[in-house]
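The values are calculated or read from the model by the stated rules, or taken from the named source; none is laboratory data. Everything numeric in this text was worked out from a predicted model, so none of it was measured. When we count neighbours, we look across all protein chains shown, and the Cβ atoms used for this are built from the backbone with ideal geometry, even at glycine. Please note that ligands, DNA and RNA were not included when accessible areas were found on the heavy atoms of the full protein model with its side chains. Shrake-Rupley method; radii C 1.70, N 1.55, O 1.52, S 1.80 Å.
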Amino acid sequence: MGFALSNRRLPPVFILSISSVFALIIILFLIFLTINTKWIGLELKANVKSNSVEIISIAPDGPSRGLPFLGQLVSVKGGLTDIVLLVATDLIEEPDILPNFIELEAFFVKQSKLWRATTGKVLYLQVDNLEGQLITHRVVAKDMRPILDLPLVFWVQLLVALAGFLIGPWVFFLRPDWPAAFFAIAGVGLALSAGSAAVYSGRELAIDGQMFDILTRVNHFGASALFGFGIIGLFLIYPRILLPKKYLFILLIVTSIWQTVDQLRLTPSSVESNHLWVAIQMIVIIILIGIQYFATKGDLLSRAVLLWLGLSVVLGAGAFVLTIIVPIILGIEASFSQGYAFLFFLLIYIGVALGVSRYKLFELGEWTFRVLFYLGGAAILLVLDAVLIITMALEELPAFSISILSVAFLYLPLRESLAGRFMRRETANNRDIFNEVIDVAYASTSEQQNKRWAELMDRLFKPLKITAQTEQTDVSKLRLEGLELVIPSVDTIPTLLLEYAHAGRKLFALRDVHQAQELVVMLTHLIKNRFAHEKGVREERVRIARDMHDNIGAQLLTALHSKKIDRKDVMIRETITDLRDIINNASSQELTFNEILADLRVETAERLAGANITLKWTFKAEATPPLNSHTIQALRSIIREVVSNVIKHSNAKNLYIAWYW
C-alpha cells in the first residue's frame, strides 16, 4: 500500500505551515467575498408560514438605525432598479432544496435583482409593522459589511472548512500513502463544500446570482464528488485492500459521470443529481465498513482501527445525511440548520485523523499541541488586532502593540502552563544515556535489546517514524538532505531508519550523525565486553566442572573405598579444602605469598588438630611476589605431603613450620 511522494525535501512542519498559509489565504478570500457587499444593517429571518421576510434586529450604528420599528421587510428598491418584492424563499439557506431547476434558476435571477438594488448609493426599504402601518425608509448603504456583523453560522462553516484544509493534508504528509491521500481528498472536498456554503448562507439579504450559482456548484463538487470519493476510496483499501488500486479508476469514472450529470443539471432537480447521490454514497460507506469488519477477522489491530474510523465517519457524515439530506429527499422540512450540521464533520476529524495515520507509529501529541498553539497564537494576534481596529477605532500601530502585549502576557503564559501540564519534557545527560546503552547491551533477549535500542533512538532524536531495515550497514548517514537518518546495525540489532527529526520540526544534522556514531561505538564496545564476560563465565564453569570431576570426584571415591579411618578423614579434609579453592576460584588467580600461606596454615592446623598435633607456624618476609596457579598447586601439594607423613609416621606432639623469604 505504498504511495510515496517523488520528492520530499522539507520537514513536515514546514509543509504544514505552507498548508496553513494556503488555507488562511482561502479563508480570508471567503471572508472578503462575504463582506464585500453593501451593508444595510438589518438582521433578517424568513417566515415560512406567512411567506415573508421579518426584521429581527437593527444594528444600532448601521445604515438602517433610523428605522422606527421592526416588522416585515416588504420590498427593496435602489437607484434605477424596479421594486423587488420579498418572500421567505429569498432568505433560503440552501437553494438546492427547491423542487426543480427552473425554480432554482429563478431564485438566482431574483438574487441578482436584489443584489443590484443594494449596490446603489441609496435604497428604499418598505416595511410593514404588522399593524397596518406601511412606511418607506430611505437608507444610505455602506460600501462594505463589517466583519463582526457576519452571523455565527458563517463562522461555524468556516471552522469546518479550515479543519478540512489543514487536517487532511497534515495526515497525508505524516503518512504519504493511499489511505491518507484519499483522506486528504475528502478533507479538501469538505472544505470546499463548507466554505462555499458559508458565503451564501452568511449573506445579509442577497449576493450576485451568478456567484451564488457558482458557489452552489462548488458546494456540490466538494460534497458529492471529492468528499464522497475520498471516504469511499479510503474504505476500499483500508485497513484491508478490498479493491486493488489499479481498479480504483472505476470509482473515479462513476463519480465523474454522476458529477457531470449534477453540474449540467440533467435531472429534474438537485434531489436526484446531488442529494440522492450523497445518500447512496453514505450507504456504500456503511456497506464497506461492514465488509472491512469481516475482512479484519483475527486481526485485532486492524479491526480496532476500522471501528475507530467507521464510528467516526458514521457519526460525522451519517448525522449530516440524516438531519439534512434525508429530509430533503423525503420532501420534508429539515429541523436542523445545514450550517450548524457541518459541525458533525468535526467528529470525523477528531477520530479519523488519528486512525488513518496509525497514531501509535507517530508522536502526534507534543507536535500537535505545539503547532496548534503556535497557529492559535498567530490567529489570536490577528483577530485581536482586527477587533481593536474595528470596534475601538484605534490606529493600526497602537492596536497591533496592544495585541502583541495581550498575546505575550496572557496567551503565551497560558500556553506554557498547558504545555508543562500535558507534555513531559525529557532531558538527557551523558550518565542517563550511558546507563540506557548499558541496558541495551545487557538485555536478556534480542527482542528486548532491539526494543530498548529503538526506544533510546526515539527519545534522543524524536523521529516521527522508526523502521527496521533489512540492509546491513556500519555507517551512520543522512538521507534525503536530512529528512532521514540511518542508524547502523550492531550485532543482532538491525539497521534503523529514522524519519523526520524532532517530531518533524527540523532536519537531521551532522551533530545527530556524530551522536549516533558515538552511541553505536559505545554499544558495540559494551556488547563485546559482555561477550568476553560471558565467554569467561562459560570457561570458568567448564573449569569448575572439570576440576570437580577430575579432583573432587576422584578424591571422594578414594576416601569412600579407604579402609583406614584416619586416612579417610585426611582425604575428606583435603577434598573440602580443594572444593573451597574451586568455589573461591583461588587456583585461577594470582595470589600473594602471604595469602597462600594463610590458606595453607588454616588447612594444616585443621588436619593436625584431628591427630592431636599442635602446629607452630613462623613466617618472616620483607616482600613477596604474586604466585601463579601452577606454583600454588605445587606448594599446596608439598605442604600436604609433609603433613601427611608427620601424621602417619612421627607420633609427634608438635609440628614446627618456618617460612623465610
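Here are some notes:
- With respect to (1) crowded, with 18+ Cβ neighbours inside 10 Å; (2) under 19 Å from Glu204 (Cα atoms), the lone exception for Pro169 is condition (2).
- Scanning segment 43-73 for residues being among the aliphatic types (A, V, I, L, M), open to solvent by 40 Å² or more (accessible area, probe 1.4 Å) and part of a strand (DSSP E or B) gives a total of 2.
Okay, residues lined up against (1) among the charged types (D, E, K, R); (2) touching an Asp or Glu at 6+ places or on another chain (Cβ under 7 Å); (3) modelled with pLDDT of 85 or more; (4) under 25 Å from Pro176 (Cβ atoms):
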{"position": "Ser401", "(1), (2), (3), (4)": "no, no, no, no"}
{"position": "Leu414", "(1), (2), (3), (4)": "no, no, no, no"}
{"position": "Gln448", "(1), (2), (3), (4)": "no, no, yes, no"}
{"position": "Ile466", "(1), (2), (3), (4)": "no, yes, yes, yes"}
{"position": "Leu496", "(1), (2), (3), (4)": "no, no, yes, yes"}
{"position": "His502", "(1), (2), (3), (4)": "no, no, no, yes"}
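- Residue in segment 231-240 that is open to solvent by 40 Å² or more (accessible area, probe 1.4 Å) and over 23 Å from Leu330 (Cβ atoms) present: yes
- Considering segment 74-85, the residues that are open to solvent by 80 Å² or more (accessible area, probe 1.4 Å) and either in contact with a Gly (Cβ under 6 Å, 6 or more places away or on another chain) or assigned to a loop (DSSP other than H, G, I, E, B) (or both) include one that is farthest from Glu54 (Cα to Cα), namely Leu80.
- Filter result for Val520 (over 30 Å from Ser444 (Cβ atoms), at pLDDT 70 or above and part of a helix (DSSP H, G or I)): no
- Which numbered condition Leu114 misses (of (1) touching a residue at least 60 places away in the same chain (Cβ under 8 Å); (2) open to solvent by 10 Å² or more (accessible area, probe 1.4 Å)): (2)
- Qualifying position, being open to solvent by 10 Å² or more (accessible area, probe 1.4 Å) and either in a helix (DSSP H, G or I) or under 24 Å from Ile241 (Cα atoms) (or both), among Ala181, Ala161: Ala181
- Glu93 free of Cβ contacts under 8 Å to residues at least 40 places away in the same chain, at negative phi and among the charged types (D, E, K, R): no
- Per the listing Thr558, Thr575, Thr604, the residue uniquely of a type outside the set (A, V, I, L, M, F, W, C), under 30 Å from Arg538 (Cα atoms) and at pLDDT 70 or above is Thr575.
- Selection within segment 467-488 - surrounded by fewer than 17 Cβ atoms within 10 Å (Cβ to Cβ) and under 22 Å from Ala441 (Cα atoms): Thr467, Ala468, Gln469, Thr470, Glu471, Gln472, Thr473, Asp474, Val475
- Residues being under 14 Å from Leu597 (Cβ atoms), part of a strand (DSSP E or B), of a type outside the set (A, V, I, L, M) and at pLDDT 75 or above - total across segment 622-659: 1
- Hits in segment 274-294 - residues which are closer than 15 Å to Ile241 by Cα, crowded, with 17+ Cβ neighbours inside 10 Å and of a type in the set (A, V, I, L, M, F, W, C): Ile285, Leu288, Ile289
- Scanning segment 435-457 for residues that are without any contact (Cβ under 8 Å) to a residue 40 or more places away in the chain and open to solvent by less than 50 Å² (accessible area, probe 1.4 Å) returns a single hit, Ala443.
- Restricting the first member to segment 593-610 and to residues that are open to solvent by 60 Å² or more (accessible area, probe 1.4 Å), and the second to residues that are at pLDDT 75 or above, the beta-carbon pairs closer than 7 Å and six or more apart or on different chains are Arg601/Trp617.
- Exactly one residue out of Phe3, Phe22, Phe14 is outside any helix (DSSP H, G or I) and either among the small types (Gly, Ala, Ser) or modelled with pLDDT under 90 (or both): that is Phe3.
- For segment 14-25, a residue qualifies if it is buried (at least 17 other Cβ atoms within 10 Å of the Cβ) and not small (Gly, Ala, Ser), and the qualifying residues are Ile15, Leu16, Leu24.
- Condition met for Phe336 (closer than 17 Å to Glu93 by Cβ and surrounded by fewer than 16 Cβ atoms within 10 Å (Cβ to Cβ)): yes
- Screening Met144 with (1) open to solvent by 50 Å² or more (accessible area, probe 1.4 Å); (2) at pLDDT 90 or above; (3) closer than 30 Å to Thr323 by Cα gives one miss only, at (3).
- Among the criteria (1) open to solvent by less than 30 Å² (accessible area, probe 1.4 Å); (2) under 23 Å from Ala46 (Cβ atoms); (3) outside any helix (DSSP H, G or I), the one Glu131 does not fulfil is (1).
- In segment 252-273, the residues that are under 30 Å from Ser302 (Cβ atoms) and either surrounded by 19 or more Cβ atoms within 10 Å (Cβ to Cβ) or touching a Gly at 6+ places or on another chain (Cβ under 6 Å) (or both): Thr255
- Residue count for segment 31-42, restricted to those that are of a type in the set (Val, Ile, Thr) and surrounded by fewer than 20 Cβ atoms within 10 Å (Cβ to Cβ): 2
- If you check Glu204, Glu272 for being in a helix (DSSP H, G or I) and of a type in the set (Asp, Glu), only one passes: Glu272.
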